[in-house]
Amino acid sequence: MTEVIAVLKVQGAEVVDPADIPSVVDTVASHNFLNWNTCGGLDNGKGRDADCSIGFKYGMKRDFNAWLKSLGDKAPVASLTALRQWNIAHQRAGAIKYGQALLDISDEMDLQADRARYDADRRKDTLLAATNGIDAAMKANRLDALLFPGVSSAGIAARPGYPSITVPFALLPVTPGAPAALAAARSPRASSLPARTASPSPPEPVPSRS
């Protein structure tokens, strides 16, 4: 990462290093992005998902079923439920080699009854990832983009739907042939400024909920 930053500086970029993301370093547990994960796996099934965002599993059922409906008679299955049932029926043939926990917890969602919870979780996603997250860091430091090592930007950038680009820049010596990468995330609200980027500092220990 140090070498990458050095190259960017040579190319004329102004790099602010580090630039803290407020919601990542917040000492109040409920305000810290690292305490607010996306629900995933059977451990986050319905009734066990109070401390995570249901945005992904709710959206999966809603959008997958809408996509199938758009295909009309050409749809391979009628619904997410039908897909899960087909997978189970063909399990011995390898249909679900790694299970289908994400599909299972998604299909548990009631698109009407769970809508209010979904809307609330999406507001919190946006607050922690964007308003008090990427947006705040970029505004405070007058940035064009935030730089992250590897794909570590994916989680925080995806929540508000911000673009994140990963660029390979080297090969890892400990894993021959495996690329090391740099990710750049940007807020659509960022103003047009001269090339000015920042590298967030490593997060401090996450405050516990207790």
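No value in this document is a laboratory result; all are computed from the given coordinates. From a predicted model like this one, the values you see are computed outputs, not experimental measurements. As a convention, Cβ positions derive from the backbone with ideal geometry for all residues, glycine included, and neighbour counts pool all protein chains shown.
Quick look at the values:
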quantity	calculated
Sequence-distant lysines (8 or more away, or on other chains) whose Cα lies within less than 22 Å of Lys9	Lys139
Counting all C-alpha pairs of the chain, share separated by more than 30 Å (%)	38
Anisotropy class of the stretch 1-83 from Cα gyration tensor, a/c 1.5 cut	oblate
Relative contact order of the chain, defined on C-alpha pairs under 8 angstrom at six or more residues apart (%)	28
Long-range amide H partners of Glu14 with built H, under 5 Å	Arg196, Thr197
Other-chain or far-sequence residues with amide H under 5 Å of Ala183's (modelled H)	Phe148, Gly150, Val167
Integer Hz, Karplus 6.51/-1.76/1.60 couplings in order for the stretch 140-154, x for Gly and Pro	5, 10, 6, 9, 9, 7, 10, 9, 10, x, x, 10, 5, 7, 4
Estimated vicinal HN-Hα couplings, Hz - the stretch 59-71 in sequence order (Karplus 6.51, -1.76, 1.60; Gly, Pro = x)	x, 4, 5, 4, 6, 5, 5, 5, 5, 4, 4, 5, 7
Residue-by-residue Karplus 3J(HN,Hα) for the stretch 31-39, coefficients 6.51, -1.76, 1.60, Hz, glycine and proline x	9, 9, 4, 5, 8, 10, 8, 7, 4
Crossing angle, helix 115-126 versus the chain [Cα axis fit, 0-90 degrees, rounded to tens]	20
Fewest-first sequence of Thr175, Thr126 by Cβ atoms within 10 Å of each Cβ	Thr175, Thr126
Anchor Lys57: lysines whose Cα lies under 30 Å away (excluding residues fewer than 8 positions away in-chain)	Lys46, Lys69, Lys74, Lys97, Lys124
Shape of the stretch 111-185, Cα gyration tensor, a/c cut at 1.5	oblate
5 angstrom amide H check on Ser53, placed H, neighbours 5+ away	Asn37, Thr38, Cys39
Residue of Pro76, Pro18, Pro160 that the Gaussian network model of the chain assigns the largest fluctuation, springs spanning Cα pairs under 10 Å	Pro76
